[in-house]
Amino acid sequence: MGVSSILALGELKDHKRIYTIIVLVIALTMTSFMLENAYLNYMMQVVDDTTKLVTSDAAIVDKNSNIRDLYGTELELKNAGEIVRRIEKNLPNYKATIRVTAQGTYGLGTVGEVVDGCTIQGIDPKKDNSISGIANKIVKGRFFEDDDPILRGHTPLYIEIKGPGNLPDFTYGTGEKLLGDEKPYPIIVGASAAKIHPSVDIGKTFSITLSVSSRETSYASIMVKVIGLYESGTPTLDALIWFMHADSLREIKRYGEVTGKDWYIPGIGTFRGYNPIVIDRNRGDVVIVNAPEPIHSLNPLGYADYVKEEVKNVVPFLKIYSWHDFLIYIAGSMQDVITIMLWGSIIVTLFLCGAAIKYVMDSIIMRKTREIGSLKAFGARDRIVFRIFLYQGLIIGFIAGLLGILFSLIVMYLVNWYGLSVEFISGTQLKVGFIINWLSILIALVLPVSLSVLAAALPAKKASRLSPVEALRKGELSL
Amino acid sequence: MNKNVPIIELKELSKKYNEYGLLVNALDGVSLKIFPGEFVSIVGPSGSGKSTLLHCMGLLDRPSSGILYIDGKDTTKISGKEIALFRGEKLGFVFQSYNLIPRLTVLENVILPGLIMRKEQKILEKKAKILLKEVGIIHRINHKGIHLSGGEQQKVAIARALINDPVVILADEPTGALDSESSREIMGLLVKMNDKKNVTSVFVSHDMNIARYGKRTVALKDGKIVGDTKGDLKNLNKVLKNLVKSKR
């Protein structure tokens, strides 16, 4: 061990009381940082998992659609297949898939049950980017299988009624109960919806009225059968977002070549019933894009903006929403505000700790001037004296960082062991969890070390620059 | 080492301070030769410049003008970094208030200058034990500096000054903080070390009785040398008389 480190350790030992307080304050700040960061990470993960079920990293919609439409009222993208190909060609490692969406209402006419709404996301079980996200979150039942009755081969029975006066035309279609042997469309619903709706459970069949055209009064009532319940961690969104096969929705929404005869009944409207349809897989409502994982996740929001910009460059004529846009839409900018406040409070606390370290060292140097003078008389160069104080800062910061990490790990372990959870919407419990990433551990270690080294560097420089005779003389005066 | 070649040589050495806008000549053209093995006391009244002279000789302070040779090297021409190294290798210091590091043990205090010079700790410890035996404080080797009496601390300081085998030991009022009995003991020890190790020693004192321990006494007044026994003790009374006279 060098003479600087021996003396630095001695100094720390001499002033252990004040340094312990500083170390504890920094350590607790770092604990709070680690815990808040890990909890935010966990919450981000929870919200992220669900949010990305709808938007993935980015969602491409028609230029006249808005963010609210991502819940199932997007305007149709007739060239969705072309957009997918263009994205995958121009952005290597990006994956794009088509979604067909609709808004649904269920519980209508059911005794003892409230009417509720949901957004149906029509996914391609083989290609959809979020597929593993959904499939892995099934808590009861199963995911889509190849022999599921996805298609009927015909559209629902539609009737188009000309709107009288200023009222819009009204289209209503039904696929239920008119043909006895019709199999219901398979559907995966949120577990939280099943908790509050008795008719929504595995194996149960019920009808949903879908809004099949976002800007028109056009509905279709169809039969669905629940094949799976999923839980993403955010019950509110689970209750809202349900999944059907994209082709089922294409058939219901008539995205394909519809053949067959129409009947016009004067004074009533046009019947377009059970028209045979060859669905067109190039048609959809939204193209969702999955970007490659960023190298680091220091600024996921910045990365979301970057992905959005990249996609925008490929399809400038369409509207792009990033995952972050959607996150802000559903959670407001609360997450961002919390993050900013967290960093703000940490910076203020650390600044105060830094000031305390500098103050303590300044006062030590003032009292130890004679010692510094003696060391110089014994041949100590400026850098030896500088290191004595710098090492103290280094050790304080390092111990504080380590303790901070340790404390936070203990708290996380205890919370996990106790199984703390909070009341959430729809009578569900949201588990309090933590996700630690290496970056936050690194920050919790590097931040206090840099801070205390920086705070120690100023007095250390001052001490090292003292001339030996001046230091010895000042020391005599302070006796 | 050639006894006729000075180990320290000062040529027209001056040191000026600017104190509250007033220029003070702490040393005014001092020329002095100190030869190997000499035991020199520097006496003078307060403010005579004796401490400044010692600080300049110890390379703790830079002279304003003049030349200072130590062990044949013109120290006024060496850089700040080299000065620190030179000081550590060639000079040993004994301070009035001992300047032991209170939290370190006696042994650790003694080896400290050696550690600064990056010498091996084990060798230093071995040597320190011999020195502590010589100064008669070996029984307190593991005690903290803070727990020793003034006289004991100064003994440790003498051992510490010798750890790097300096060519010169410089002592600034080594008995200034001690009672008369401890003072006698410390001065006796310094004389003994000078005799035994033949290490050149220069000490500063304002006390004429302590100054008498020097085998050569240099008297300083207003930054100028006003007397030098030049190794002949018969001259001492004359030098001291001169000093007293000039005081008036």
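The values are calculated or read from the model by the stated rules, or taken from the named source; none is laboratory data. Owing to the predicted nature of the structure, the values given are computational and were not obtained by experimental measurement. When we count neighbours, we look across all protein chains shown, and the Cβ atoms used for this are built from the backbone with ideal geometry, even at glycine.
Identify the residue in the range B:131-177 that is within 14 Å of another protein chain (Cβ to nearest Cβ) and of a type in the set (D, E, K, R) and, among all such residues, is nearest to B:Lys90 (Cα to Cα). Among them, the one singled out is B:Asp165. Residues that are more than 11 Å from A:Cys118 (Cβ to Cβ), crowded, with 22+ Cβ neighbours inside 10 Å and among the charged types (D, E, K, R) within the range A:200-250 comprise just one, A:Arg250.
Being buried (at least 16 other Cβ atoms within 10 Å of the Cβ) and over 21 Å from B:Ser64 (Cα atoms), is that true of even one residue in the range B:19-36? Yes: the range B:19-36 contains one or more residues that are buried (at least 16 other Cβ atoms within 10 Å of the Cβ) and over 21 Å from B:Ser64 (Cα atoms).
The numbered conditions (1) assigned to a helix (DSSP H, G or I); (2) at pLDDT 85 or above; (3) farther than 20 Å from A:Leu447 by Cβ are all true for A:Gln335 except (2).
Does A:Pro468 count as within 14 Å of chain B (Cβ to nearest Cβ) and modelled with pLDDT under 90? Against the criterion (within 14 Å of chain B (Cβ to nearest Cβ) and modelled with pLDDT under 90), A:Pro468 qualifies. Among the residues making up the range A:380-405, those that are surrounded by 24 or more Cβ atoms within 10 Å (Cβ to Cβ) and within 14 Å of chain B (Cβ to nearest Cβ) are A:Ala380, A:Val385, A:Ile388, A:Gln392.
So which residues in the range A:131-144 are buried (at least 21 other Cβ atoms within 10 Å of the Cβ) and under 22 Å from the mean Cα position of the chain (by Cα), if there are any at all?
Within the range A:131-144, A:Ile134, A:Lys137 qualify.
Scanning the range B:96-118 for residues that are outside any helix (DSSP H, G or I) and either basic (Lys, Arg) or more than 9 Å from chain A (Cβ to nearest Cβ) (or both) yields B:Tyr98, B:Arg103, B:Thr105, B:Arg118. Which residue out of A:Phe378, A:Phe389 is in contact (Cβ under 8 Å) with a residue 24 or more places away in the chain and not charged (D, E, K, R)? Result of the check over A:Phe378, A:Phe389: A:Phe389. One residue alone among A:Thr119, A:Thr105 is in a strand (DSSP E or B), surrounded by 16 or more Cβ atoms within 10 Å (Cβ to Cβ) and in contact with an Asp or Glu (Cβ under 9 Å, 6 or more places away or on another chain), and that residue is A:Thr105.
Would you say A:Ile187 is closer than 13 Å to A:Gly104 by Cβ, at pLDDT 85 or above and in contact with a Ser or Thr (Cβ under 7 Å, 6 or more places away or on another chain)? So A:Ile187 fails the test. Quick test for you: out of B:Lys133, B:Lys129, B:Lys122, B:Lys144, pick the one residue that is more than 26 Å from A:Lys13 (Cβ to Cβ), surrounded by fewer than 20 Cβ atoms within 10 Å (Cβ to Cβ) and of a type in the set (D, E, K, R). Matching residue, one of B:Lys133, B:Lys129, B:Lys122, B:Lys144: B:Lys133. Listed conditions (1) in contact with a helix residue (DSSP H, G or I) (Cβ under 6 Å, 6 or more places away or on another chain); (2) more than 16 Å from A:Leu35 (Cβ to Cβ); (3) at pLDDT below 90 are all met by A:Ile396, apart from (3).
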